[in-house]
Every structure is written in C-alpha cells, then in structure tokens.
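The values are calculated or read from the model by the stated rules, or taken from the named source; none is laboratory data. Quick caveat, the model's predicted, so the values are computed rather than measured. FYI the Cβ positions are ideal-geometry reconstructions off the backbone, even for glycines, and counts take in every protein chain you see. Please note that ligands, DNA and RNA were not included when accessible areas were found on the heavy atoms of the full protein model with its side chains. Shrake-Rupley method; radii C 1.70, N 1.55, O 1.52, S 1.80 Å.
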Amino acid sequence: MDQPLVGSESARACCSYSTLKAWLPILSWLPKYKLRYLQMDLLAGLTVGLTAVPQALAYAEVAGLPVQYGLYSAFMGGFIYTFLGTSKDVTLGPTAIMSLLCFSVVGWQPERAVLLSLLCGVIQAAMALFRLGFLLDFISYPVIKGFTCAAAVTIGFGQVKNILGIQGVPHQFFLEVYYTFYKIPEARVGDVVLGLLSLSLLVMLTLMKSSLGPDDSSSSSTSSTIARKLVWAVATMRNALVVVAASVVAYSWEASGHHVFTITGHTSQGLPPFRPPPTSDTSANGTIISFGEIVEDFGGGLAVIPLMGLLESIAIAKAFASQNDYRIDANQELLAIGVTNIMGSFVSAYPVTGSFGRTAVNSQTGVCTPAGGVITSLIVLLSLQFLMAAFYYIPKASLAAVIICAVAPMVDYRVVAKMWKIHKLDLLPFVVTFLMSFWQVQYGIAAGVAASGFLLLYRIARPQIKVSDHGTLVMELCSGLSFPAAEYLSNFIHTQALQVTPPRSVVLHCHHVSIIDYTVVSELGDLLKQFQLRKVQLVFSGVKPSVLKVLLAADLQGLKYTDSVEEALQLLSVNLLNL
C-alpha cells in the first residue's frame, strides 16, 4: 500500500508550483511587479529597441542574408526570454559572432539558415533537458578569446568593402584582403565619405558615453544633470541616429537623381509568415536536396554554432548577474535560448544568442525585469510592419560603420600580455584558434579545443615532481596520478634513484594523489621489485585512505607506508641502522 503513495507524492512534487516556477521563472517575479518596474522596463526596452533595429540589419549583412532576416531574428527572443529567462538584463538576438558562424555554414541561403536555427534550438534545448551544459567547460578561455579576436578582425575587415563601395570581393578572408586592396581604385567617393563620417560620429558618441554615466550626478545643477543624461541617451542610441541620418542623406541624393551611395535596396515588407522551416531544398538545376543531405552539408557547424551560442549567452548572463548582484540558472538559460531558436525558425530567423552590447545598454538604462525585452520586440515588429520601405535607402556604408564599431572592442590585445605573464602555455590554444579561424571559424574552434586538450593531457602525463635530499631522496607529487603518468614517474624515479651509484632509497610523498588506477599500481609494483633487487627501499608517505585501500588490495610485495615524510625518513634510518 505504501508504494502507490510514494509514486503519487513524486507525481505531486513534479507538478508542484515550485517546480513550475523553476521551469517558468516569470512566475517568480511577475507577482511582485510594480509600476516603477514598468516605467524602467519601458525606457530600457525602447532604448535597446532603437539599438537592436540597426544592428539587426547590419548583422544580416554579415550572415550573408537579406537585411530583413536580421529583424526576423530580433523579436522572438524578447518574448520567449521573458517567460523562460533568469537574467533581468540579457537580450537575445542576432550578434556579430553568430552571424559570422552562420555565414560560414549557410551564407546566401536564407532557407537553410532558418532550418539551421531549428536544429540549433533542438540541440540546445536537449542539452538543457539532459543537463549537458558541462560540455562548455571544455572550451577554455584562451580558445574563446582567440576566436572572438579573429572573428572581430574578420567581420571588421569584411565591412571595409562596403565603406569603400566596391563590388565583387570574395568572402574567403585571405582573398577578401587581397581583392579589397586590389579594387581600391574602384572605390566610390560618396560611400567613402559617408562611411568615414559615420565611423567618426559613432566613435565620438562612444567616447562621450564612456565619459558619462547614465547616473552621473556629480554636478549640483539640475539643468546640468538633465543635459548629461540627455547626452548619454543620445550616445546610447547612436547606431539608430547615425543610420537614420545617413538614410536621410541617401534619400535626398536619390530623390534628386544622383546615385551617389550604395544603398540596401528592396526589402520584403511586413511581418514574416508563421510556418515551419523548410526541410528540403532545390538546387540550381532543379534537383531536390533531402533533409539528410542538408544536415550533412552543415557538417561541424551543427556542433559549433549551438555550443558557441550557449557559451556567449551564458557568459553574458553570468557577467551581468555578478555585476548586479543576482543569480542565474545556467540550465534554464540553455532552455531559454534553445526554445528561442526553435520558435524563431517558424518566423524565418537564423540562430541567435545573447548580445553583450545590447545587454549592457539594457542594464545601464536600469531595466528591472525581463519584460523589457517585450518592448524591444514590439519595436522590431513595428519596424518590420511600417518601416521596411524606408530601409530601402539605408546606405551600406553606414551599416558597415555600425558593425565595425560593434566588433572593435572584441579585439582584446591586452589578453595576450596577461597570458604571457600568468601562464605562457595558454598562448598556444589562443594562437592556434586565432590563426585557424581565418581559414574557417569552426576549424579554429576545433583546433583550439584540441590544443587545449593536448596541454591538459600533457600536464596529466607529466606531473610535476619536487625532489629534495634529506640523505634519502624525497619526491613529492604535486598533482594527481593516472595512467598517462605511470611510465614517466617510473623513468623519473629510475633515473634519480636506481641508475646512480650507489642506488638510493626514496620517500614518495603522495599527499596530492586522490585517485589511482590499475596501470599506476602495476608500475609501482615493478618499481618496488627493482628497489628490492638493488637493496634500497621505496616508502610511501601521506597516502590518502582511498589510495591506500587500492594499494593494499593489489597486495604489492614490499609495500611500506607512513602518515608523513618525517615518519618515512625515521623508518628508513632505523632500517639502515639494523643493517
């Protein structure tokens, strides 16, 4: 009679309100919502929305997609994250890195980009449900920095052709560099002037914002404080202001019949239809490409893009949670971004993740809850419905300036000096990732992870051993001991103690060894025999109970152990006197 009760209690626990709140974090903060929160969320959502629209248009260009796909990708995240997200600050949408990764896999193929969003979302949601977020731990910080630095250089230089207004430049990085310089004589004066003016304005407004804080009230004058906040607000919305100003200039010239600038051109009007992404494709010659063939074409990108999306979003969420003194649920964040990409694929979105720049704006503007994302999404939807005709006149040079200013901070040259100072070997995965990413970004990440794995395995296979001479050699293992290190340890002890004349006894201090395997035990057994043949001794000290249990179970001949090095030295001196 007890078993059904236990089962029913488990079922009630699974369906309890606390469990529901864990899966729907909105239930935690919505009952406490206040009017003041609404005011701040409206302000933050509006500010982020005016930043998100021009960035979304620009990032679609990076992804090799029509500009409207950037907006298609920019609104679903605000709605989904409001229900599922655990950070008040994070905004989901298209980013420079995800756009570059998408271009490397599905550039110029919008239908495949939408299908990629669905598959990435399924993978990310599955990782959340099965709690596989630990896989992100295998991507080290040097790999991340190497990739982001290379991505920033690739994306930034890729926009130089739009600043210059030149056409026919390949997208493979090294060819892009060559042909950009080769075609400089074909540069259009209008694009160059407008692009450089846009860059100058963006840089100037960025510097103004960095010198002023949104809450800067150092002056006692009310009018001065208002002026500071107004300047900060203008600097925060710099992308939208520069793009609007450039569009007005372009429209004026176009209306007068002078085609001075390279403009965005025709874009689809209105909201995207809500429909499942296509699961097949048709080649140029009319051949039907099956779902399996498309997935095969995605290749390694289908593994890299979901992981990098999760990594970027969770890193941002953790950073702002720490800054603003609250905690996030990493597993719930995985679910939020996974569901966003799944639902986004039904409105023609390509894969998205957390945006550092827009999240920073959201936080600095004083957002109180994830509901600010709803306001941002509504602004994107209004832009799609009513402003697409105006986007026809957006100059590509101004969008290029927005992208260059967005990715420039990602080139963190100071990290190289820090790695050199702290741990020089970390430069290996950084450099490998950085250089390989110029060939293919997914190859860069894979090569960097492989380099990090090699260093990790090398440290395991070559544990540091401190040697001191107390009449008897004392060797202290400074890390754990597992089978890759067995041969190295054996050779080290042979060289230091058994191949000298006369042979010397050894105290092997194992205080840091918590796990031992069969290969190591077998090698230690052989060592004990070699010491006995040469009439010297090998004594273990500081052995943890779990390791000692394994050594005793192996029934090693001549095994001696003590609690400390001092006891081991005393034991050896007594044995020497007895001899």
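Numerical summary
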{"quantity": "Selected residue (only one of GLY286, GLY338, GLY354 is farther than 18 Å from LEU100 by Cα and modelled with pLDDT of 90 or more)", "calculated": "GLY338"}
{"quantity": "Neighbours by Cβ (under 7 Å, 6+ apart or cross-chain): first from segment 288-313, assigned to a loop (DSSP other than H, G, I, E, B); second hydrophobic (A, V, I, L, M, F, W, C)", "calculated": "GLY300/ALA446"}
{"quantity": "Matching entry among THR369, THR359, THR376, THR340 (being closer than 20 Å to ALA317 by Cα, polar (S, T, N, Q) and not in a helix (DSSP H, G or I))", "calculated": "THR369"}
{"quantity": "Some residue of segment 472-484 being of a type in the set (Ser, Thr, Tyr), outside any loop (DSSP other than H, G, I, E, B) and either in contact with a Pro (Cβ under 7 Å, 6 or more places away or on another chain) or surrounded by fewer than 20 Cβ atoms within 10 Å (Cβ to Cβ) (or both)", "calculated": "no"}
{"quantity": "Flag if SER322 is open to solvent by less than 30 Å² (accessible area, probe 1.4 Å), closer than 25 Å to LEU136 by Cβ, of a type in the set (S, T, N, Q) and within 29 Å of the chain's Cα centre (by Cα)", "calculated": "no"}
{"quantity": "Qualifying residue in segment 219-233 (condition: in contact (Cβ under 8 Å) with a residue 40 or more places away in the chain, closer than 30 Å to PHE75 by Cα and either in contact with a strand residue (DSSP E or B) (Cβ under 7 Å, 6 or more places away or on another chain) or open to solvent by 40 Å² or more (accessible area, probe 1.4 Å) (or both))", "calculated": "no"}
{"quantity": "Scan of segment 49-74 for residues that are over 30 Å from SER437 (Cα atoms) and touching a Leu at 6+ places or on another chain (Cβ under 8 Å), ordered by number", "calculated": "GLY49"}
{"quantity": "Failed condition for ALA400, given (1) within 30 Å of PRO273 (Cα to Cα); (2) surrounded by fewer than 24 Cβ atoms within 10 Å (Cβ to Cβ); (3) not β-branched (Val, Ile, Thr)", "calculated": "(2)"}
{"quantity": "Any pair with Cβ under 6 angstrom, 6 or more apart, that starts in segment 246-268 at a residue that is open to solvent by 70 Å² or more (accessible area, probe 1.4 Å) and ends at one that is aliphatic (A, V, I, L, M) and in a loop (DSSP other than H, G, I, E, B)", "calculated": "TRP253/VAL260"}
{"quantity": "Tally, over segment 86-136, of residues that are at positive phi and free of Cβ contacts under 8 Å to residues at least 60 places away in the same chain", "calculated": "1"}
{"quantity": "From ALA446, ALA390, residue being closer than 30 Å to SER247 by Cα and open to solvent by 50 Å² or more (accessible area, probe 1.4 Å)", "calculated": "ALA390"}
{"quantity": "Matching residues, segment 410-427, being surrounded by 14 or more Cβ atoms within 10 Å (Cβ to Cβ) and in contact (Cβ under 8 Å) with a residue 40 or more places away in the chain", "calculated": "MET410, VAL411, VAL415, MET419, ASP426, LEU427"}
{"quantity": "Odd one out for LEU92, checked against (1) more than 30 Å from LEU42 (Cα to Cα); (2) among the aliphatic types (A, V, I, L, M); (3) modelled with pLDDT of 95 or more", "calculated": "(1)"}
{"quantity": "Qualifying positions in segment 127-147 - open to solvent by 40 Å² or more (accessible area, probe 1.4 Å), under 18 Å from the mean Cα position of the chain (by Cα) and under 12 Å from ASN331 (Cβ atoms)", "calculated": "ARG131, LEU132, PHE134"}
{"quantity": "Residue match in segment 290-300 (condition: modelled with pLDDT of 90 or more, of a type outside the set (Lys, Arg) and over 29 Å from the mean Cα position of the chain (by Cα))", "calculated": "yes"}
{"quantity": "Segments classed as helices (runs of 4 or more DSSP H), wholly inside segment 504-579, with at least 1 members that are farther than 17 Å from PHE492 by Cα and open to solvent by less than 30 Å² (accessible area, probe 1.4 Å)", "calculated": "545-553, 565-578"}
{"quantity": "Segment 457-469, subset exposed (fewer than 13 other Cβ atoms within 10 Å of the Cβ) and assigned to a helix (DSSP H, G or I), residue nearest to the chain's Cα centre (by Cα)", "calculated": "LEU457"}
{"quantity": "GLY453 assigned to a helix (DSSP H, G or I) and in contact (Cβ under 8 Å) with a residue 40 or more places away in the chain", "calculated": "yes"}
{"quantity": "Any hit, segment 174-193, residues being free of Cβ contacts under 8 Å to residues at least 12 places away in the same chain and either small (Gly, Ala, Ser) or within 16 Å of ALA63 (Cα to Cα) (or both)", "calculated": "no"}
{"quantity": "So ILE493, is it over 24 Å from SER573 (Cα atoms) and surrounded by 18 or more Cβ atoms within 10 Å (Cβ to Cβ)", "calculated": "no"}
